[in-house]
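Scroll down for the structure; my scribbles are underneath it.
The values are calculated or read from the model by the stated rules, or taken from the named source; none is laboratory data. Everything quoted here is computed from the prediction, not taken from an experiment. Cβ placement follows ideal geometry from the backbone for every residue including glycine, while neighbour counts extend to all protein chains displayed.
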Amino acid sequence: MVRLHPFGQEAANRTAILVVHRGKPLIWPLPYVVWERKPNVRLDSDESLADIRSKTNRLEWVGYPISSSDPLSSWIVGRNVPVAIARKFVGQSDYRNIVREGVNTRGANGVFYIEKISDANKGQIVVRNIPSAGRKKISQETAKVDRQHVYPLLTGKDVHRWIASPSMKILLPHSPLSPTDPIPESSLRKHEKATYKFLAKFEKPLRKRRKFRNFDPSGGTFYGLYNVGTYTFSPHKVVWREIASDFMVAAVFPLDDGNVTERVVVPNHKLMMVPVKSKEEALYLAAMLNSTISRYTVLSYTVATQISTHVLNNVRVPQYDDTNEVHKAIAKLGARAVAAAGTNSLSALNAVELEIDEITRSLWGASVKEVKTLRSALSEIIEVLSQVAKSEEDEGDDDT
């Protein structure tokens, strides 16, 4: 009932009704009804059920636990036939243990998210922080920082299917050699004075950030960030948006920073990432995840959840093998899809995606008819998800 807003705009929840009979076993599939408002009608909370039914449509779906061995697992929902097809391809991916969330400033986007103003002397650039990137009131400062700690930043809004284009930069005072903890203050103050001086301007709000698990800036190094690891500095990654109306996956590669060297792209906490070993592997994994079988499977069980790190626990994508001719062919198709998406050539992209569906179905053992069925069912799932994503998508700080 998410799309009906039965409590008006006063409650920002996902409204649902679950009817159960105490003492009776669950019988799968469960009926799962999605209520949709008809176009150009108004619903009032005091209307009768008969009036509401006349102003709405109801999608008759079914639901199963996505894990047949775990009745408490997330439900996979949708029309009966496509759900039955998708359930055949549910399984664990070889990549499931290396999926991570992106870097989290823990409430300090406005400090660490920056824009480059100009080049300075060798090894330094002039930057300005972006207070509007976060929710908290932060002063705006323009100053020199050391170039080695500045990276292109990817946010959720920067990622679309096949394409990831950083719109900001991030100041990341962590070393790729020992990334989990920030660079010690004694070292940063001595060797990268400009960076330390810039961050010191924000010491008070940075120390006020909440403690979270092993992250505690109040008593430790005040400028550390959360969820930084070797994966953060992996040159090649595959990313997807946590909250979106579609499963949007893109391969990410280093960017030329205009000074001979290439810079690793850093995803933020609104993105999930999989670090991989090569450009070809990134293209392969992006193509597998952007295929119709993968998209439908993911969206059919994330209608009521976020598209988080659990994806590869449920989508059976095999590890890339550079000696496997099918895997290499999928990577090449992934490169063509990226090129087509980059030129906004919808017809070319559609043609490549059909080729991807054809070659990837062989890895899952799907028939041509099954892929066509899932492809036609995708639009309905995406339409329902668009209402959930619209109410929840937010690029502000994660202060939880």
- line: Those residues of the range 75-109 which are surrounded by fewer than 20 Cβ atoms within 10 Å (Cβ to Cβ), among the small types (G, A, S) and under 22 Å from W240 (Cα atoms) amount to G91
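Being buried (at least 16 other Cβ atoms within 10 Å of the Cβ) and either free of Cβ contacts under 8 Å to residues at least 60 places away in the same chain or part of a loop (DSSP other than H, G, I, E, B) (or both) narrows it down to one of S132, S67, so name that one. Working first, answer last.
On the way: S132 fails: buried (at least 16 other Cβ atoms within 10 Å of the Cβ).
Selected residue: S67, the only one of S132, S67 that is buried (at least 16 other Cβ atoms within 10 Å of the Cβ) and either free of Cβ contacts under 8 Å to residues at least 60 places away in the same chain or part of a loop (DSSP other than H, G, I, E, B) (or both).
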message: Cβ-Cβ distance below 6 Å, separation of 6 or more or different chains: which pairs start in the range 101-127 with a residue that is in contact (Cβ under 8 Å) with a residue 40 or more places away in the chain and in a loop (DSSP other than H, G, I, E, B) and end on one that is crowded, with 16+ Cβ neighbours inside 10 Å and among the hydroxyl-bearing types (S, T, Y)?
response: R106/Y226
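Conditions (1) assigned by TED's automatic domain parsing to the domain that holds V338; (2) farther than 22 Å from P267 by Cα; (3) of a type in the set (G, A, S), marked per residue:
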site: L153; (1), (2), (3): no, no, no
site: L172; (1), (2), (3): no, no, no
site: P184; (1), (2), (3): no, yes, no
site: T195; (1), (2), (3): no, no, no
site: S218; (1), (2), (3): no, yes, yes
site: R241; (1), (2), (3): no, no, no
site: S245; (1), (2), (3): no, no, yes
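Report those helices (runs of 4 or more DSSP H) wholly inside the range 173-290 carrying at least 1 residues which are of a type outside the set (D, E, K, R) and farther than 29 Å from I307 by Cβ.
Values: elements: 185-191, 193-200, 203-207, 279-290.
Output list reads 185-191, 193-200, 203-207.
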field: Long-range neighbours under 7 Å by Cβ, at least six apart or interchain, first residue under 21 Å from G63 (Cβ atoms) within the range 1-28, second modelled with pLDDT under 70 and surrounded by 13 or more Cβ atoms within 10 Å (Cβ to Cβ)
entry: V2/Q387; V2/V388; R3/Q387; R14/A304; R14/V388
- request: Quickly run through the range 240-275 and pick out the residues that are among the β-branched types (V, I, T) and without any contact (Cβ under 8 Å) to a residue 60 or more places away in the chain.
  value: V260, T261
query: Does K24 fit the bill of being more than 24 Å from the chain's Cα centre (by Cα) and not in a loop (DSSP other than H, G, I, E, B)?
result: no
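Have a look at I52, I85, I98 and point out the one that is of a type in the set (V, I, T), outside the structural domain of T230 (by TED's automatic domain parsing) and more than 28 Å from the chain's Cα centre (by Cα). Walk me through how you get there before you give the answer.
Values: I85 fails: more than 28 Å from the chain's Cα centre (by Cα); I98 fails: more than 28 Å from the chain's Cα centre (by Cα).
Residue meeting the stated conditions: I52.
Residues are listed down the side, and each one gets a yes or a no for (1) at pLDDT 95 or above; (2) surrounded by fewer than 19 Cβ atoms within 10 Å (Cβ to Cβ); (3) touching a helix residue (DSSP H, G or I) at 6+ places or on another chain (Cβ under 9 Å); (4) under 30 Å from V34 (Cβ atoms):
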| position | (1), (2), (3), (4) |
| --- | --- |
| R241 | no, no, yes, yes |
| A251 | yes, no, yes, no |
| V265 | yes, no, no, no |
| A304 | no, yes, yes, yes |
| N314 | no, no, yes, yes |
| E325 | yes, yes, no, no |
| A331 | yes, no, yes, no |
| A339 | yes, yes, yes, no |
- prompt: What pairs can you find where one residue is in the range 339-366 and assigned to a helix (DSSP H, G or I), the other is basic (K, R), and their Cβ atoms are less than 6 Å apart, with a gap of 6+ or different chains?
  reply: V352/R336
